[in-house]
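The values are calculated or read from the model by the stated rules, or taken from the named source; none is laboratory data. Since we're looking at a predicted model, the values are computed, not measured. Ideal geometry is used to build each Cβ from the backbone, glycine not excepted, and the neighbour counts take in all protein chains shown.
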Amino acid sequence: MARGNKEVLAKLEQIVGPDYVSNEEAVLLPYSWDLTWAEPRMPDYVVMPKTVTEIQRILRLANHLRIPVIPYVNATNIGGLCIPEEGGIVMDLKRMDRIIKIDPETCYAIIEPGVSHAQLSATLKATNPQWEGYEFSKGFEFGWGVHPASASVLAMAINHGIGHLNGRIGINSQLISSMEVVLPTGEVVKLGSCAFSDSWHSFLPLPRMDGLFVGWMGTTGIVTKLGIWIFPIRPYKDVLTIAAETAHDMTRYMVHWRHYSLCDEVTAVSWWLAQIPIPYPYQEKPKDAPEWFSYTVISGWSEEELEYKRKMWKKVVEEERARGTKLIDFEYPPEAKRGRTELPSRIVGSTKNYSKSCGGGLAWPGTFAPCKSWPILYEKWKEIYIRHNLSPAVRFTDFQGAHYGMLRLMTPFDKRDPDSVRRAKEAMVECVRVGIPLGMLPYKPPVEYVNELNAAADAGYVYLMAKIKDMLDPNNIMNPGKLGIR
Amino acid sequence: MALVLKRTDMKELAQIYDRISMCTQCGNCKYGYEYGPTENFAAMLCPQGDKYQFEAYRGSKGKAALAKGLLSGMIQWSDKAAHVIYTCIGCGACVEMCETDIKDYLLRMFEALKSETWKQNVAIPEGVRKWSSTIRENRNPYLEKHENRLDWLPASIRETLPKKAEYIYFVGCTASYRQKNIALATVKLLQKLKVDFTVVPDEWCCASPLLRTGQYDVAKEFIEHNKELPEKYGASAFITTCAGCYRTLSIDYQKDPPEGYTDKFGKANFKVIHTIQLVEDMIKKGEIEFEGSFNNVVTYHDPCHLGRHAKVYDSPRNVLQAIPGLKLVEMYRSKKFSFCCGAGGGVRGGYPDYSIETAIKRVREAESTGASVITCVCPFCWRNLSDAISALKSSMKMMDITEILEPIVKKK
Ligand SMILES: Cc1cc2nc3c(=O)[nH]c(=O)nc-3n(C[C@H](O)[C@H](O)[C@H](O)COP(=O)(O)OP(=O)(O)OC[C@H]3O[C@@H](n4cnc5c(N)ncnc54)[C@H](O)[C@@H]3O)c2cc1C
Ligand code: SF4
Ligand code: SF4
């Protein structure tokens with residue numbers, strides 16, 4: 001069955017060629033939903049451009065005809081962000097998959113939207129000619145997350161993605177160094193050092209105009225090239241683990257350890273998230289099992305450096321114990337250690353840990369929150385989840401500095417059962433609602449969370465957001481419905 | 001969003017809906033990937049996605065989505081749906097990447113989707129329809145007469161074969177009617193190795209093409225017929241040189257779902273051995289002597305039916321490495337991450353251009369290794385890769401491993 005209309009189809013075919021546009025339902029279907037509870041909505045067309053010029057022409061056409069355009073790479077964002085709320089054209093960017101440049105001297109890469117984590121990590125690992133023979137010769141890395149390896153590096157970075165280096169150097173949107181964007185109205189702009197020379201190394205000291213496209217979920221333009229910082233892989237790594245009875249004790253230990261800025265990452269998971277897969281529906285934790293498990297990844301250029309970090313970590317644990325924090329020794333199984341040190345990983349980088357056997361649904365209240373609110377919110381979230389017969393599979397991850405971090409509740413649910421879907425959605429929205437007053441902000445937020453955010457937001461914040469959106473996208477064609485304001 | 005099963009009339013799909021619904025749409029299956037101290041692999045493995053690009057065509061995600069969409073009544077059957085279904089080769093590369101409980105059911109799902117198309121008014125590829133309409137009469141999908149099945153076998157050899165034997169060499173349709181070179185090399189090899197075998201005139205198609213295209217009712221007849229052959233000829237096992245026959249006789253005939261079809265056709269119980277396993281075993285036991293060498297650089301193409309489907313990766317490599325003078329070089333995409341030749345799943349007959357385009361990609365990869373010979377243990381792969389070599393005017397030579405072995409071995 002075909003959708004849309006023939007004239008638009010013909011025009012899109014003229015732009016990208018007939019092989020790369022379709023309005024057939026069987027082809028459109030996978031673009032209509034994702035892992036989450038979001039209601040499916042069919043696009044009318046899908047188009048797969050290869051060049052910036054093709055993107056410009058598609059956007060001009062869409063503006064002329066007032067047709068929505070939804071940027072799409074793999075739709076693994078766990079927020080329904082690529083679902084065409086109002087139909088229109090899904091712009092699948094996977095054909096733009098060039099790693100345009102890797103500059104090992106200035107330590108940056110330039111990538112297109114379709115470059116997957118798999119592709120980039122394999123290429124970076126094999127890159128390092130100038131440091132042959134040095135400790136640096138293990139290749140480069142970026143902040144790898146635990147998502148499917150097919151996911152886009154660019155889409156992750158421009159939406160504040162969280163990678164394994166977040167403790168050492170910040171989240172991935174902080175590692176963007178330059179970008180090229182096609183504005184909704186079709187003009188191409190360069191931002192950062194690449195606007196002045198061929199060097200894509202930095203935004204600073206310029207005004208941070210990249211902020212107009214980072215965290216906007218494809219509602220302000222199409223990012224066509226991204227400069228990202230890359231880092232030499234450190235040859236020495238270890239994973240140190242400790243458990244705790246309560247979220248409060250776990251947070252105290254994590255913040256203490258983070259103050260030293262000695263780790264690449266420190267993460268804690270509740271008992272429910274430590275199970276593979278997460279129990280669905282809710283299952284009681286065995287009485288004798290600790291409620292919290294944590295790992296911290298340390299890395300270095302020598303065994304001595306690693307040993308120093310281990311020593312400091314032990315000191316933190318001992319000092320915390322002396323203060324009355326109840327920390328319990330436990331060892332990670334080797335497979336789990338591998339999963340944490342060899343990223344992006346097949347071991348954790350899949351849905352098997354989360355939603356292996358429960359009926360296809362996966363979503364989260366994925367949020368950034370100040371560390372001090374973690375234990376408070378955990379108790380609230382736990383109550384909400386148990387009430388909805390769901391496992392409180394919570395994760396804390398401290399970002400660079402001990403200011404704030406990720407507070408996330410990975411939630412499998414059964415898509416075969418409307419009641420399961422409803423319960424999961426209600427529980428997650430309630431979690432977001434109780435969190436916002438405590439400083440918690442959802443990332444890559446689904447429409448329902450955006451509505452909660454907007455209801456709580458400062459009026460000036462919403463005013464400026466709407467003004468920027470109107471300025472950049474006067475016909476509101478870019479991923480409409482996602483900001484909750486237009 | 002809930003996806004409630006509504007179309008229970010699509011029985012083949014509906015009965016595995018509980019497994020299909022385990023697909024999260026995560027998309028892991030769209031790209032091959034492995035990372036670790038010794039591994040650093042990343043490559044597109046799905047030939048269908050590589051050609052048709054859209055999500056529906058990439059990895060199992062697209063097909064699982066289609067199955068869910070059809071079963072929940074979100075979309076209706078269409079020619080395009082049939083295109084998405086039939087351009088999937090069933091190579092199983094996506095299966096290697098999937099980590100949820102749909103994983104083991106993916107191959108079955110691809111075939112169940114194809115099976116449903118026969119009940120709908122949709123465009124099944126003409127090439128598939130054509131051989132399907134005559135296979136009952138001909139007992140092969142090549143539109144050839146059954147009486148001619150043994151034409152490849154010279155009378156001089158035929159006369160020497162016993163009526164009853166320990167093994168039946170199950171030749172398969174491709175080697176019987178097209179790649180006769182492989183059938184001939186195999187009987188000569190088996191005779192040199194003094195294997196007690198015979199070839200039978202009433203061998204029918206193993207039913208692989210029927211199962212791979214979801215034609216279960218027709219397949220039944222073939223399976224029931226072939227199942228009787230070992231007893232009839234007093235044999236204890238089948239030997240095959242075809243990866244497709246090997247998979248079908250050893251898995252589809254014998255294993256319970258989701259791997260096999262014992263739920264539909266009952267359980268057969270006989271041994272199936274691929275020639276390459278027999279040779280490997282004899283080499284290990286010191287029963288084979290090489291009388292010559294094969295002084296070439298060779299790359300091995302893993303047939304999906306023998307590799308990913310039956311997990312036989314090492315036997316052919318062990319045999320190749322034992323051949324004097326032969327230097328084995330691997331393609332980047334090999335073993336579980338091999339790239340399909342493009343022939344299976346009804347694609348060669350249904351979409352010849354796409355099929356050959358896929359084989360061309362594989363031959364280019366083989367060329368990049370510096371090898372002068374592509375070898376393999378499947379007449380169907382042989383045929384497609386060989387056609388691609390011709391299309392490319394490549395200097396590479398296609399050889400089955402039996403063709404390499406036959407002139408230079410003898411039994412100790
Ligand atoms: C099991 C699992 C684990 C995950 N773990 C992590 C994790 O550890 N860290 C993390 O950060 N994420 C994680 N994610 C979320 C997700 O995988 C990442 O954010 C991912 O990088 C998104 O890539 P994608 O190709 O799926 O992008 P999409 O989902 O296709 O796109 C994401 C958003 O970006 C927009 N967009 C895409 N391309 C462009 C462009 N060129 N210009 C403008 N807008 C664009 C889209 O419209 C959409 O709003 C996880 C997901 C899953 C399923
Ligand atoms: S088939 Fe498996 S890997 Fe592919 S999308 Fe579904 S769950 Fe993910
Ligand atoms: S079986 Fe092969 S062709 Fe079909 S979706 Fe999987 S990888 Fe692609």
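Worth a mention:
- Check on B:Asp9, more than 24 Å from B:Pro209 (Cβ to Cβ), within 16 Å of ligand 2 (Cβ to nearest atom) and more than 20 Å from the chain's Cα centre (by Cα): no
- When residues in segment A:385-426 are screened for being in contact with a Ser or Thr (Cβ under 6 Å, 6 or more places away or on another chain) and within 14 Å of chain B (Cβ to nearest Cβ), 5 of them pass.
- Which numbered condition B:Met74 misses (of (1) of a type in the set (A, V, I, L, M, F, W, C); (2) without any contact (Cβ under 8 Å) to a residue 60 or more places away in the chain; (3) more than 16 Å from ligand 2 (Cβ to nearest atom); (4) within 8 Å of chain A (Cβ to nearest Cβ)): (2)
- Scanning segment B:30-68 for residues that are within 16 Å of ligand 1 (Cβ to nearest atom), more than 8 Å from chain A (Cβ to nearest Cβ) and hydrophobic (A, V, I, L, M, F, W, C) yields B:Met44, B:Ala64.
- Matching entry among A:Glu284, A:Glu320, A:Glu331 (being acidic (Asp, Glu) and either within 29 Å of A:Lys125 (Cβ to Cβ) or assigned to a strand (DSSP E or B) (or both)): A:Glu331
- Any chance B:Glu111 is within 11 Å of ligand 3 (Cβ to nearest atom), crowded, with 19+ Cβ neighbours inside 10 Å and of a type in the set (D, E, K, R): yes
- Scanning segment A:371-393 for residues that are of a type in the set (A, V, I, L, M, F, W, C), over 20 Å from A:Pro437 (Cα atoms) and buried (at least 19 other Cβ atoms within 10 Å of the Cβ) yields A:Leu390, A:Ala393.
- Matching residues, segment A:29-54, being in contact (Cβ under 8 Å) with a residue 60 or more places away in the chain, facing chain B (nearest Cβ under 8 Å) and assigned to a helix (DSSP H, G or I): A:Tyr31
- Scanning segment A:148-198 for residues that are out of contact with any His (no Cβ under 7 Å at 6 or more places or on another chain), surrounded by 20 or more Cβ atoms within 10 Å (Cβ to Cβ) and part of a loop (DSSP other than H, G, I, E, B) returns A:Pro148, A:Ser150, A:Ile158, A:Asn159, A:Gly161, A:Ile162, A:Gly163, A:His164, A:Leu165, A:Pro184.
- Residues within segment A:82-125 that are touching a Lys or Arg at 6+ places or on another chain (Cβ under 9 Å) and either within 11 Å of another protein chain (Cβ to nearest Cβ) or over 28 Å from A:Ser202 (Cβ atoms) (or both), tallied: 11
Okay, residues lined up against (1) away from ligand 1 (no atom under 16 Å from the Cβ); (2) in the same structural domain as A:Glu426 (by TED's automatic domain parsing); (3) more than 30 Å from A:Pro412 (Cα to Cα); (4) modelled with pLDDT of 95 or more:
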| position | (1), (2), (3), (4) |
| --- | --- |
| A:Val21 | yes, no, yes, yes |
| A:Thr36 | no, no, no, yes |
| A:Met42 | yes, no, no, yes |
| A:Thr53 | no, no, yes, yes |
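- Long-range neighbours under 7 Å by Cβ, at least six apart or interchain, first residue within 12 Å of chain B (Cβ to nearest Cβ) and more than 24 Å from B:Gln25 (Cβ to Cβ) within segment A:134-152, second β-branched (Val, Ile, Thr) and more than 16 Å from ligand 2 (Cβ to nearest atom): A:Lys138/A:Ile233; A:Gly139/A:Thr127; A:Gly139/A:Ile233; A:Glu141/A:Ile230; A:Glu141/A:Ile233
- Of everything in segment A:17-54 that is farther than 22 Å from B:Tyr57 by Cβ and under 26 Å from the mean Cα position of the chain (by Cα), the residue that is surrounded by the most Cβ atoms within 10 Å (Cβ to Cβ) is A:Thr36.
- Qualifying residue in segment B:148-166 (condition: more than 22 Å from B:Leu385 (Cβ to Cβ), more than 16 Å from ligand 3 (Cβ to nearest atom), of a type in the set (A, V, I, L, M) and in a helix (DSSP H, G or I)): yes
- Of all residues in segment B:43-57, those being over 24 Å from the mean Cα position of the chain (by Cα) and either closer than 16 Å to B:Val95 by Cα or among the acidic types (Asp, Glu) (or both) number 1.
- Annotation note: of A:Ile100, A:Ile67, the sole residue that is outside any strand (DSSP E or B) and touching a strand residue (DSSP E or B) at 6+ places or on another chain (Cβ under 8 Å) is A:Ile67.
- Among the numbered conditions (1) surrounded by fewer than 23 Cβ atoms within 10 Å (Cβ to Cβ); (2) within 11 Å of chain B (Cβ to nearest Cβ); (3) touching a Phe, Trp or Tyr at 6+ places or on another chain (Cβ under 7 Å); (4) in contact (Cβ under 8 Å) with a residue 60 or more places away in the chain, the only one that A:Thr341 does not meet is (3).
- In segment B:21-69, the residues that are among the β-branched types (Val, Ile, Thr) and more than 9 Å from ligand 2 (Cβ to nearest atom): B:Thr38
- Just one of the listed residues (A:Asn172, A:Asn166, A:Asn128) is more than 16 Å from ligand 2 (Cβ to nearest atom), more than 12 Å from chain B (Cβ to nearest Cβ) and over 19 Å from the mean Cα position of the chain (by Cα), namely A:Asn128.
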